[in-house]
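The next block holds one structure in the form of structure tokens; read it before the comments.
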Amino acid sequence: MSEDSEVDFWLDSRQPGQFAEVMVSPRSQAAVQEWLIERNLRFRITINDVEKLIHQQEHSFKPSKKISTSTERINPLTSSSLSSASSSASYENDVQLQKIQRLRDSPMMNEKNIFGDRPFEEIYQLKGFNYPFGEYTNYATMLRFMRTIEFYYPHLAKIIRIGTTHEGRPIEGLKIGYHVSNSTKRAFWIDGNIHAREWASSHTALFIINQLIGGYGKDPTITHYMNNLNFLIIPCLNSDGYEYSRSSFSPDIRLWRKNRSPEKCANSVWGGLRCCQGVDLNRNFNFYWAQTGASTNPCSSIFAGDKAFSEPETKAVNDFLMSDEFRFKLDGFITIHSYGQLFIHPYSHEVEYYPNDIRKLENVAKKAVEKLRNVYGTQYRIGTGADLLSPASGGSDDWAKESLDTKYVYLIELRPQLELSRGFILNQEELIPTVIETFEGIKAVIEAVLEDNGIIPRPMIPRRSKEHSSAARIHSVPSAPMSNENKFVNGRFGEQAETELSPFRAKQKLL
């Protein structure tokens with residue numbers, strides 16, 4: 001059934017008692033329902049019209065100066081996917097209450113682009129061009145945003161072009177750090193949109209770029225991160241698939257998962273040949289390639305390709321991170337997906353199969369989901385993809401852990417929860433809360449990387465007294481400017497003011 005274009009598994013079940021979520025075309029709905037009834041499988045229709053939901057959630061919303069905090073459901077889930085479910089009414093009520101609470105806690109944007117009364121809820125305004133956070137945009141807008149950042153912040157950001165897609169689009173991102181020319185620091189990788197339909201993932205990666213650039217010299221914690229690490233961020237790895245998914249309201253197109261590689265043909269179960277485009281990029285990495293949770297049928301949404309790294313997108317990631325510049329410098333690797341509210345660590349190709357440092361990975365993940373939950377109350381679960389969902393090999397996260405020997409590797413599945421029926425179609429009203437809470441969680445991973453390298457995870461910011469106004473400062477790298485209204489102090493120009501110290505490096509641990 002999963003090889004049939006009339007049926008698209010949004011979520012597969014791993015064991016008896018778990019539900020699966022399946023999108024079915026209108027002409028196949030009656031046949032699928034009959035098939036389920038014959039096998040005594042309980043189900044319910046959670047989305048009556050997926051195309052209508054796509055239009056409601058992603059295209060009719062016009063961002064305003066305020067994000068709604070009404071406790072009523074903003075867009076009723078007139079959602080046709082089928083769920084084979086065993087969840088109780090009380091559990092469904094709990095899920096609904098959690099959603100209401102999250103909407104109540106969602107931030108509000110004021111004229112200064114601040115979405116709440118906490119410092120991390122400010123979305124920094126950058127020079128030149130500000131990305132329209134809270135909206136879904138095309139890939140060209142993402143490129144414009146990143147290239148503008150490089151132009152106005154050449155000391156902080158540099159465009160990295162790691163390859164070209166099948167359709168000729170550049171695979172671009174940013175190297176970010178102070179000073180960006182410094183290649184001796186440890187590195188931290190973040191990517192999004194490896195799956196075309198997961199639009200919220202690239203939006204989240206772009207937000208992280210914005211906050212790193214805008215927070216440098218203003219936020220002591222961000223400044224500390226930037227002084228001590230290089231961030232490598234590719235917001236949209238699968239730009240061909242992403243643009244294709246934006247080309248129509250039709251669910252078959254909007255919910256496209258793969259890239260847009262040329263057609264390949266295979267024998268159909270109905271006789272004759274069937275030809276289809278695309279490879280699932282997150283099944284195409286060289287880690288137990290095509291062994292579990294993948295297909296050799298080019299018409300499957302989880303087609304693993306002809307061989308590992310057969311696709312220009314995955315080959316570009318491999319070549320870039322295996323280069324002399326980064327091969328032994330990568331300490332953090334985060335790939336952002338949706339949906340499910342999961343914080344996934346290696347390994348996902350086999351149930352109950354873990355790396356040797358599993359305890360450390362779990363402890364950092366616990367800190368991350370706690371920081372994330374403290375923002376708006378969003379609950380995440382921790383585990384491997386195999387344990388939480390179902391086994392799947394050839395993923396970028398497992399490859400990074402095994403081949404790059406990267407210590408902190410996580411795959412983050414964003415909102416909504418698995419049990420909420422919107423799936424990949426995240427309402428634009430939830431985009432801002434999602435990016436704010438996710439970055440707070442990622443900060444726990446960044447700080448674990450710093451600590452493992454003998455660097456204090458967060459800056460110590462004592463106040464200078466007048467008695468010690470001439471005391472020497474200690475900096476991790478050349479002094480970071482701290483803004484004081486319209487003047488820069490602390491190492492650039494203007495008089496030294498009574499202000500917070502710049503971040504500094506802790507003493508190195510002796511091994």
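The values are calculated or read from the model by the stated rules, or taken from the named source; none is laboratory data. These figures come from a predicted structure and were not determined experimentally. Virtual Cβ from ideal backbone geometry, glycine too; neighbours counted across all protein chains shown. The protein model used for the area step is the full one, side chains on, heavy atoms only, and it has no ligands, DNA or RNA in it. Shrake-Rupley method; radii C 1.70, N 1.55, O 1.52, S 1.80 Å.
Once neighbouring chains are kept in place and the probe is 1.4 Å, which whole percent of the accessible area of the stretch 180-307 is contributed by carbon and sulfur? Kindly include the intermediate steps, with their values, before the conclusion.
Values: 1850 of 3790 Å².
Carbon-and-sulfur percentage of accessible area, whole number: 49.
State in Å² the accessible area per residue of the stretch 345-407; use a 1.4 Å probe, count heavy atoms of protein chains only, and round to the nearest integer.
Counting only protein heavy atoms, the per-residue value for the stretch 345-407 is 42 Å².
Semi-axes of the equivalent ellipsoid of the stretch 221-277 are 40, 15, 8 Å, computed as sqrt(5λ) over the eigenvalues of the C-alpha gyration tensor in descending order. Surface listing: Phe207, Phe249 arranged by accessible area from highest to lowest gives Phe249, Phe207, probe 1.4 Å.
For the listed residue pairs Lys127/Lys329; Lys185/Lys407; Lys329/Lys367; Lys360/Lys401; Lys185/Lys367, the alpha carbons are over 20 angstrom apart in Lys127/Lys329; Lys329/Lys367; Lys185/Lys367.
Based on every Cα atom in the stretch 363-429, Rg and the maximum pairwise Cα distance Dmax equal 13.8, 38 Å.
Stretched out straight at 0.36 nm per residue, the stretch from Arg359 to Asn453 would grow longer than its current Cα-Cα span by 32.0 nm. R0 = 30 Å: FRET efficiency of Ala31 with Lys315, Cβ-based, nearest 0.05? Efficiency, rounded to the nearest 0.05: 0.15. Largest first, the residues Trp199, Trp256 sort by 1.4 Å accessible area into Trp256, Trp199. Taken one residue at a time, the phi angles of the stretch 423-437 give Karplus couplings (6.51, -1.76, 1.60, θ = phi - 60°) of x, 6, 8, 7, 4, 4, 5, 8, 5, 5, x, 4, 5, 5, 5 Hz. Gly and Pro are set to x. For the stretch 311-449, the normalised intensity computed at q = 0.10, 0.15 Å⁻¹ comes to -0.33, -0.75 (log10 of I(q)/I(0), Debye sum over alpha carbons, equal scatterers, no solvent).
What the phi angles of the stretch 137-145 give under the Karplus curve with 6.51, -1.76 and 1.60, with θ = phi - 60°, is a coupling list of 10, 7, 5, 4, 5, 4, 4, 4, 4 Hz, glycine and proline written as x. Taking all Cα-Cα distances within the stretch 259-392, those exceeding 27 Å account for 34%.
For Phe249 and Ile159, what is the calculated FRET efficiency with R₀ set at 35 Å and r taken between the beta-carbons, to the nearest 0.05? According to the calculation, E is roughly 0.60. Taking the accessible area of the stretch 321-452, probe 1.4 Å, and keeping the other protein chains in place, the carbon and sulfur fraction comes to 41%.
Here the stretch 117-215 was treated as a single set of alpha-carbon atoms; its pair distances binned every 5 Å from 0 give 2, 11, 22, 26, 20, 13, 5, 1, 0 percent.
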